[in-house]
Ligand SMILES: Cc1cc2nc3c(=O)[nH]c(=O)nc-3n(C[C@H](O)[C@H](O)[C@H](O)COP(=O)(O)OP(=O)(O)OC[C@H]3O[C@@H](n4cnc5c(N)ncnc54)[C@H](O)[C@@H]3O)c2cc1C
């Protein structure tokens, strides 16, 4: 069976969920060969093997942490040349997309970004994308070179599929461009203890209906009862009630969780663009005519300050 390269996103050896999802998709196309770079790369092997990696190519060097993406592109290209894969899959983070795009240019291949599904096809993998503010679903395949495809988080289930996961050292020669942009400082974001918005399985969002920064505690309480991330509409962000890093939509983040709960959000097209591919959508809105109700699986017409605390209480009591 053909091999498929999977670029591993990890933090000091802890593999992030979108990479495990990529392994599920890679197994539909061929045998996944994982590429893990940087500090702790070798520690990724157990998790990757458990989810189907037949091989784990690892490399560590100070360049991966000290410079922006080019050293990683050099390494992924070295893996590509060593393996001659049927496809290269990369998680659709900002960094992942830059790495994938640079690799595609170098190897003269077509690229598909932000795929939400992937299946094997007679002429190569077929990727599903959600286009034009999620108004269209397209299927496409790369017609030139080795397909390079970035896949959005939550596009597939994480599935255990034990494989050998044999660790092999990847030999990387850094290009002249590798040290062009140096990282001069790092400031970790203050942790909220909640999952990362774009990777969360559940997102609870608040909009203008939340009516004030202080009231976002109602949204946060529901999110915490569900182990969810907190999102916000642009109206709530522009009003200064919640940080821009939590904005969902066309000019914010794109999320595709298993469950999206929109509270006091009308459902403008620009908001829908960032959440319409969520698997199950629930809305709480006091206006029965709000456009958000056109796309929900479950809708509650009511005042969020009445509904959301009851929901939080019910979720909490069922957990106990
Ligand atoms: C170029 C461009 C890019 C944009 N990008 C984004 C984007 O990335 N993300 C985004 O979200 N928007 C974006 N917008 C803005 C978008 O058009 C809307 O203005 C915005 O999404 C509205 O936010 P909202 O739904 O919170 O507010 P509103 O449209 O004002 O809706 C508030 C809703 O809350 C309900 N409500 C009020 N009080 C309560 C209550 N007590 N209980 C229950 N329901 C209540 C109301 O019935 C109403 O439906 C963009 C706009 C443009 C032009």
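No lab work stands behind these numbers, since they all come straight from the coordinates. Keep in mind the model is a prediction, meaning the values are calculated, not measured. Using ideal geometry, Cβ is built from the backbone for each residue, glycine included, and neighbour counts are taken over all protein chains shown.
Among 260, 67, the ranking by other beta carbons within 10 Å of each residue's beta carbon, starting with the fewest, stands as 67, 260. Peptide packing for 26-34, 155-163 was compared via the average number of neighbouring C-beta atoms within 10 Å per residue; ordered from the highest value, the list is 26-34, 155-163. Across every pair of non-identical alpha carbons in the range 156-266, the mean reciprocal distance, once inverted, gives a Kirkwood radius of 16.8 Å. When you restrict to C-alpha pairs under 8 Å that are six or more residues apart and normalise by the size of the chain, the relative contact order lands at 15 percent. Normalised Debye scattering of the chain at q = 0.13 Å⁻¹ gives log10 I(q)/I(0) of -0.97, counting only Cα atoms as equal scatterers and leaving out solvent. Starting from the Cα gyration tensor of the range 197-319, take the square roots of the eigenvalues, sort them a ≥ b ≥ c, and report rounded, prolate or oblate (rounded when a/c is under 1.5, otherwise prolate if a/b is larger than b/c, else oblate). Here the range 197-319 falls in the rounded category. Built from the Cα atoms of the range 88-139, the convex hull projects on average onto 4.0 nm², one quarter of its surface area.
I need the calculated FRET efficiency for the pair residue 1 and residue 157, taking r as the beta carbon distance and R₀ as 22 Å, to the nearest 0.05. Computed FRET efficiency for residue 1 and residue 157 comes out at 0.55.
Sorting 189, 16 from the fewest to the most surrounding beta carbons within 10 angstrom yields 189, 16.
According to the calculation over all Cα-Cα pairs in the range 3-179, the P(r) per 5 Å bin from zero is 2, 9, 19, 24, 22, 14, 7, 3, 1 %.
Taking Cα pairs under 8 Å and at least six residues apart, what relative contact order does the range 1-89 come out at, in percent?
Details: 157 pairs, mean separation 32.5, N = 89.
Averaging sequence separation for qualifying contacts and normalising by length gives 37 percent for the range 1-89.
For the range 29-138, the relative contact order is 18 percent, taking Cα pairs closer than 8 Å that sit 6 or more residues apart in sequence and dividing their mean separation by the residue count.
What number, rounded to the nearest 500 deg cm²/dmol, is the helix-based mean residue ellipticity at 222 nm of the chain, given -39500 (n - 2.57) per DSSP H run of at least four residues and division by all its residues?
Details: 9 runs with 88 residues, N = 320.
So the helix-based figure for the chain works out to -8000 deg cm²/dmol.
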